[in-house]
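**Student:** Structure provided below as structure tokens; questions to follow.
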Amino acid sequence: MDSKPHVNTDPRRDIPSVHRLAERVCSEESAIAPWAAIEGARRVVERARDGLSQGLAAKDCLAASPEKWVERAAAEARQLSQPRPQRVVNATGVVLHTNLGRARMAQGAAEAAAEAAAQYSDLELDLESGERGDRLQGVGQRLALLSGAPAAFACNNCAAAVLLALNTLASGREVIVSRGELVEIGGSFRVPEIMQRAGVRLVEVGSTNRTHPRDYEDAIGPETALLLKVHRSNFEVTGFVAEVDLGALVEIGARHGVPVMEDLGSASLLDLTPHGFPEEAYAPARLALGPDLICFSGDKLMGGPQAGLVLGSAEVVQAMRSNPLARALRADKMTLAALDWTLCALLEGRGPEALPLLRQLLAAPESIEARAKALRARLADGIPAEAASLGVHRERVPVGGGSLPGFELESWAVVIRADCGAEALAARLRAAPVPVVARVREEAVWIDLRTVEPEETSIVCAALIAAFH
Ligand SMILES: *Cc1c(COP(=O)(O)O)cnc(C)c1O
């Protein structure tokens with residue numbers, strides 16, 4: 001009845017209708033598309049209903065005014081409309097940041113991918129003969145030329161390369177691996193599980209910390225198809241440890257006529273040892289130790305698109321190509337175009353200038369320090385002195401992305417101690433028009449300039465100044 005006092009009315013009545021709320025969102029923000037406005041409104045309404053039915057207080061579930069309902073729904077709709085993935089600035093100093101998409105491709109590689117996507121191409125056509133062509137011919141040749149490998153192969157990613165290699169070389173037979181290398185790389189790539197899915201039988205040898213040549217020798221039998229070495233990409237084992245290095249494993253394999261494979265994970269096609277990087281990161285140096293094949297990712301230290309790259313004997317590569325699984329794991333035309341561009345840049349000796357990954361990896365600490373100081377000066381003009389203290393500090397950052405565990409680069413960061421707290425400031429930076437991702441350490445926000453390109457400094461500067469206003 002109408003005479004019912006207002007305090008007794010069902011609070012659910014104060015929840016607007018999805019339809020009307022969506023209409024208001026659209027009429028107030030023309031940039032929001034109807035689909036996003038409707039879904040945004042639906043989520044806001046549903047959340048309020050759920051809250052009430054769980055017995056939460058009305059004031060905690062309902063917006064205070066019609067305008068506030070529109071604000072809530074519009075915020076949700078804006079979130080839904082964001083492209084995913086969207087661009088961010090990486091201010092962590094970690095060059096291969098897995099959560100931020102690992103290696104950035106070179107501009108030229110990205111353009112080659114866009115061209116391959118938007119136009120027809122001779123992907124599988126031989127223009128000279130007019131006959132069917134080979135989609136991997138270009139990258140296969142360039143990889144072989146760059147690395148000195150007899151043959152090369154590319155597929156979707158390194159996990160796919162491992163799966164395909166195991167299935168090709170050892171399906172239904174035994175593969176020997178050290179217990180110290182039965183690793184999980186992250187993102188659910190676990191060596192024992194991949195082996196199971198590849199249809200091979202895992203034979204574990206040695207112990208977590210120590211494996212000796214005789215452990216492999218003792219395990220080799222008539223069913224042995226492969227000796228596998230897996231790079232421990234994301235951790236180090238120190239103390240009372242022993243492992244059989246790749247060269248020794250190759251000797252054992254040769255004595256028993258068993259092929260040897262190394263899953264390197266992350267490797268470069270440019271020799272970085274003159275810059276102080278470990279030799280294990282240089283793919284041709286690993287190959288020179290004599291395994292039948294090695295595989296690694298395209299978007300780790302190689303600095304290209306996501307891909308699984310295999311270098312090895314012509315026989316092994318041919319067998320992998322003929323495996324029906326190769327079709328399911330193949331690289332698409334955009335990847336191949338970007339990879340081809342990247343390999344050409346390396347062949348021409350332009351890697352360090354052309355590839356963002358190499359540029360950032362090889363940047364001199366002094367130049368990073370100078371840029372950090374310049375950024376601090378700009379920030380000091382825009383951030384009220386009482387709201388934050390600004391310093392410039394040296395730090396050491398890992399390379400990231402499951403590359404070079406234990407190896408760190410010297411870098412420099414602007415360190416901001418804010419009144420509002422480091423976590424709150426980091427959250428504001430992530431909410432900026434171009435989100436800026438920084439590290440929080442020692443109750444401060446660290447903006448490491450190694451991974452911020454010079455042309456991105458203004459974005460970082462604007463986001464930081466806006467965070468204090
Ligand atoms: C990163 C990594 C992989 C997986 O590579 P993706 O390209 O991400 O599939 C496999 N093995 C090792 C040792 C790795 O470090």
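**Student:** Residues that are of a type outside the set (Gly, Ala, Ser), within 16 Å of the ligand (Cβ to nearest atom) and in contact (Cβ under 8 Å) with a residue 24 or more places away in the chain: list the strands (runs of 3 or more DSSP E) wholly contained in region 349-443 that include at least 2 such residues.
**Tutor:** Per the criteria, 388-400, 403-418.
**Student:** Take the residues in region 66-88 that are open to solvent by less than 30 Å² (accessible area, probe 1.4 Å) and over 28 Å from the mean Cα position of the chain (by Cα), then tell me which one is nearest to residue 463 (Cα to Cα).
**Tutor:** 74
**Student:** Please specify each residue of region 272-291 satisfying the condition of being in contact with a Pro (Cβ under 9 Å, 6 or more places away or on another chain) and surrounded by 24 or more Cβ atoms within 10 Å (Cβ to Cβ).
**Tutor:** Of everything in region 272-291, just one residue is in contact with a Pro (Cβ under 9 Å, 6 or more places away or on another chain) and surrounded by 24 or more Cβ atoms within 10 Å (Cβ to Cβ), namely 291.
**Student:** Please go through region 321-351 and pick out each residue that is farther than 19 Å from residue 134 by Cβ and buried (at least 18 other Cβ atoms within 10 Å of the Cβ).
**Tutor:** Those that are farther than 19 Å from residue 134 by Cβ and buried (at least 18 other Cβ atoms within 10 Å of the Cβ): 342, 345, 346, 351.
**Student:** Give the residues of region 178-218 that are in contact with a Gly (Cβ under 7 Å, 6 or more places away or on another chain), closer than 23 Å to residue 255 by Cα and surrounded by fewer than 16 Cβ atoms within 10 Å (Cβ to Cβ), sorted by residue number.
**Tutor:** Once the filter is applied, which keeps residues that are in contact with a Gly (Cβ under 7 Å, 6 or more places away or on another chain), closer than 23 Å to residue 255 by Cα and surrounded by fewer than 16 Cβ atoms within 10 Å (Cβ to Cβ), region 178-218 yields only 179.
**Student:** Applying the selection to region 106-132, what residues are surrounded by fewer than 16 Cβ atoms within 10 Å (Cβ to Cβ) and in a loop (DSSP other than H, G, I, E, B)?
**Tutor:** 119, 120, 121, 122, 123, 124, 126, 127, 128, 129, 130, 131 - these are the residues of region 106-132 that are surrounded by fewer than 16 Cβ atoms within 10 Å (Cβ to Cβ) and in a loop (DSSP other than H, G, I, E, B).
**Student:** Given the conditions (1) open to solvent by 10 Å² or more (accessible area, probe 1.4 Å); (2) within 19 Å of residue 357 (Cα to Cα), which single one is not true for residue 413?
**Tutor:** Failed condition: (1).
**Student:** Name the residue that is nearest to the ligand (Cβ to nearest atom), counting only residues in region 302-320 that are in a loop (DSSP other than H, G, I, E, B) and either out of contact with any Leu (no Cβ under 7 Å at 6 or more places or on another chain) or of a type outside the set (A, V, I, L, M, F, W, C) (or both).
**Tutor:** Taking the candidates together, the pick is 306.
**Student:** Take region 428-469 and flag every residue that is open to solvent by less than 10 Å² (accessible area, probe 1.4 Å) and of a type in the set (S, T, N, Q).
**Tutor:** 451, the sole residue that qualifies.
**Student:** Next up: Only one of 221, 239 is surrounded by fewer than 16 Cβ atoms within 10 Å (Cβ to Cβ), more than 30 Å from the chain's Cα centre (by Cα) and modelled with pLDDT under 95; which?
**Tutor:** Result of the check over 221, 239: 239.
**Student:** Next question. Those residues that are part of a helix (DSSP H, G or I), touching a residue at least 40 places away in the same chain (Cβ under 8 Å) and among the aliphatic types (A, V, I, L, M), I need them from region 14-50; list them, please.
**Tutor:** If the condition is that a residue be part of a helix (DSSP H, G or I), touching a residue at least 40 places away in the same chain (Cβ under 8 Å) and among the aliphatic types (A, V, I, L, M), then 21, 22, 25, 36, 37 are the ones that fit.
**Student:** Pairs under 6 Å by beta carbon, first residue at positive phi in region 285-305, partner more than 12 Å from the ligand (Cβ to nearest atom), six or more apart or different chains?
**Tutor:** 290/250; 303/355; 303/357; 303/358
The values are calculated or read from the model by the stated rules, or taken from the named source; none is laboratory data. Keep in mind that what you see is a predicted model, and the values were worked out from it rather than measured. Here Cβ is always computed from backbone atoms with ideal geometry, including for glycine, and neighbour counts include all displayed protein chains. Ligands, DNA and RNA are stripped out before the accessible areas are found, and what is left, the full protein with its side chains, is counted by its heavy atoms. Shrake-Rupley method; radii C 1.70, N 1.55, O 1.52, S 1.80 Å.
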